[in-house]
Every structure is written in structure tokens, then in C-alpha cells.
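First the structure, in the form of C-alpha cells, and then the observations on it.
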Amino acid sequence: MIELAQLPFSQACENNQRPILDVLKPKLTDSLQLLEVGSGTGQHATFFAHQLPHLTWQASDQHCNINHINCRINHFKRSNLPSAIALDISQTWPTQNYDAVFTANTLHIVNRQLVEAFFAGVAKITLTNANLFIYGPFNYQKQYTSDSNANFDIWLKQRDPQSGIRDIEWIVELANAQQFELVEDVSMPANNRLVHFIKR
């Protein structure tokens, strides 16, 4: 049995989960089934499932990350937190419908084609009035919002030229094409944003 302290850990997740919860909680009162795309360490999944007990929080990630996410999930043993599922956003998405989708710090990591695939996939698994929440850094009118974001973007592109901080205008365009309407764009700590769309 792997100890919790041995599992991958993100200090950024630990720092941002409470501010994210403050935004999510009042908007998810009527939601019952949420899919998290790109659960990473699983810290968000275990924290939000505990704080939102009315909501089934379905974690997902690439197959290579599922084991450690499930080790964390198994440690907390919450009835509204099922085992994480493998999800490659460029391939087959779950067959069930969700009334909410959440993703954090993913769209700047994957390439542009996968960003487009993300919105197409979310559209397939959601019905009218579904919530979509995207957390992370964005550019506005092709400008960085901080020097730290500019430096982060350089680091991302050195690591993978196809990645990088996305222009919010492009993200909104992709969302609109899949019938998602921007309803709120909230400033978050560390020069991040939490963008909320609703499917119309």
C-alpha cells in the first residue's frame, strides 16, 4: 500500500483549491455529475469531492497517471469520488452525460489541436445548461497579464513549441462554436483566471 506522502504532490494545487472552491461552490448547487479533465495528482478531486458532497466528482487523466490518482482517491474513500478513468482527449470520451466539466492548468500544456479536441469532446458529453469551468493563465488581446506569465510561456514553449498560454479570445471562440456561452471570467491568485461557460 503506497503511503499518501509518497504520491505525487503539487503545491500549486494546494494553494489554489480554496480560491477555486469559493467560485465553484455557489455555481454547482444544481449539478450532480462533474467530469474533471486532467486530474493530475488527484488533489483537486479529493478536496472538491469532500467540499461538494452532493456532487459526484469523476476524475480523469492520461492512462499513465491513473494509478497514482486512484491511490489518493482510495486513501480518502468518499462515496461521491469514484475511481479515476483514463481519458485521452483526442480519442474516445466517456459515454455518459455530465452536467458540469472542470479542468485546471491543461489548455496551455497541450497543443492547439488538443485544445480544439477538448471543446469538441466536452460538447459531446454535456447537455443544455451544463457548466464548463477552465482554470489557468490566459492572454488578453494577445498580451500577457504579468511578467511571470510571460516567463512561464517562454518555459512552456522551450519544453514544447506547440504548448503555451492561450488567448482568451480564441478560447471563447472555440467554446461558442460548441454552444458554450461565456458567463464569467474571474481573476484568481498567481495571475490565473477561472472562466465559466454555460451550454446554451
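The values are calculated or read from the model by the stated rules, or taken from the named source; none is laboratory data. Just so you know, these numbers come straight off a predicted model, no measurement behind them. Note that we place each Cβ from the backbone using ideal geometry, even for glycine, and neighbour counts take in every protein chain shown. The area values use the complete protein model at the heavy-atom level, side chains included, leaving out ligands, DNA and RNA. Shrake-Rupley method; radii C 1.70, N 1.55, O 1.52, S 1.80 Å.
Rounded to the nearest 20, the Cβ-based charge dipole of the stretch 98-196 about its Cα centre (Lys and Arg +1, Asp and Glu -1) stands at 280 debye. Here's the picture: a label point sits 7 Å out from the Cα of LYS124 along the beta-carbon direction, and within the stretch 71-102 the residues with their amide nitrogen under 11 Å of it are 88-96. Net charge dipole, the chain: roughly 260 debye, given to the nearest 20, about the Cα centre with Cβ charges of +1 for Lys and Arg and -1 for Asp and Glu. Here the simple spin-label model places points 7 Å from the Cα toward Cβ, and for PHE76 and ARG112 these points are separated by 3.6 nm.
Of the residues ALA104, ALA177, ALA130, the one that moves most in a GNM of the chain with alpha-carbon contacts below 10 Å is ALA177. By definition, a body whose alpha carbon gyration tensor gives a ≥ b ≥ c is prolate when a/c is 1.5 or more and a/b is larger than b/c, and the stretch 76-117 fits this prolate description. Across the stretch 42-200, C-alpha contacts under 8 Å between residues 6 or more apart give a mean separation that, scaled by the residue count, equals a relative contact order of 20 percent.
Estimated purely from DSSP H runs of n ≥ 4, each contributing -39500 (n - 2.57), the mean residue ellipticity at 222 nm for the chain is -11500 deg cm²/dmol once divided by its residues.
Given that just one value was derived from the coordinates, which of (1) 17.4; (2) 10.7; (3) 18.6 is mean projected area of the Cα convex hull in nm²? Comparing each candidate, only (2) matches the computed number.
Rolling a 1.4 angstrom probe over the stretch 1-113 with all protein chains present gives an accessible area of which 50% lies on carbon and sulfur atoms. Selection among ALA123, PRO82, ASN111 by position relative to the dipole of the stretch 22-151 gives PRO82 as farthest towards the positive end (Cβ unit charges, Cα centre).
Think of the stretch 130-191 as a dipole: +1 on every Lys or Arg Cβ, -1 on every Asp or Glu Cβ, centred on the Cα centre; then among PHE180, ILE134, ILE165, ILE165 lies furthest on the positive end.
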